[in-house]
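All of the numbers you see were taken from the coordinates with simple rules; none came from a lab. Computed from a predicted structure; not experimentally measured. So basically every Cβ, Gly included, is an ideal-geometry build from the backbone, and we count neighbours across all protein chains shown.
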């Protein structure tokens, strides 16, 4: 079953179960998918839907960080619940060890030697492990490995 159909089916189940948080999350996601459908003039494929989910996950993480810094734990807790619902549609994330090994392999295969080559490594990493990495964590690790 495609990711789009899974989201549609889960939305109906959450709506019938009166799961407020999941309904809100899936409603936002369905709106983003609908906008993408209009832009593409057809249904987006699983990669495009995964990009939308990844973008929303990043927004929720940023919101949690901002709300926590502002002392708004009530809003941060709500964002955490929404993030948990969204994360169900993400592929499993790489562990820190797997991420480190993948970065080492890509540095070797791209011939990256300095910070000037960071874009090559990050581009290859993002393409190869789409949706399975935290961009900030990966960027920090690549920066650490490329800095003399």
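Quick notes on this structure:
- Among (i) 2, 10, 20, 24, 21, 15, 6, 2, 0, 0; (ii) 2, 9, 16, 16, 16, 15, 12, 9, 4, 1, 0, 0; (iii) 2, 8, 14, 16, 14, 11, 8, 6, 5, 4, 3, 3, 2, 1, 1, 0, 0, 0, the entry that matches P(r) over Cα pairs in 5 Å bins from 0, in percent as calculated here: (ii)
- Seen through its C-alpha gyration tensor, with square-root eigenvalues sorted a ≥ b ≥ c, the stretch 3-87 comes out oblate because a/c lies at 1.5 or above while a/b is not bigger than b/c.
- Set of the stretch 130-148 residues, backbone N closer than 17 Å to the point 7 Å along the Cα-Cβ line of residue 114: 143-148
- Based on C-alpha pairs under 8 angstrom that are at least 6 apart in sequence, the stretch 3-87 has a relative contact order of 30 percent.
- Label-point separation, residue 8 to residue 61 (7 Å along Cα→Cβ), nm: 3.0 nm
- Sum of -39500 (n - 2.57) over DSSP H runs of 4+, divided by residues of the chain (222 nm, nearest 500): -25000 deg cm²/dmol
- The stretch 96-146: proportion of alpha-carbon pairs further apart than 12 angstrom, %: 56 percent
- Rounded if a/c under 1.5, otherwise prolate or oblate - the stretch 44-127, Cα gyration tensor axes: prolate
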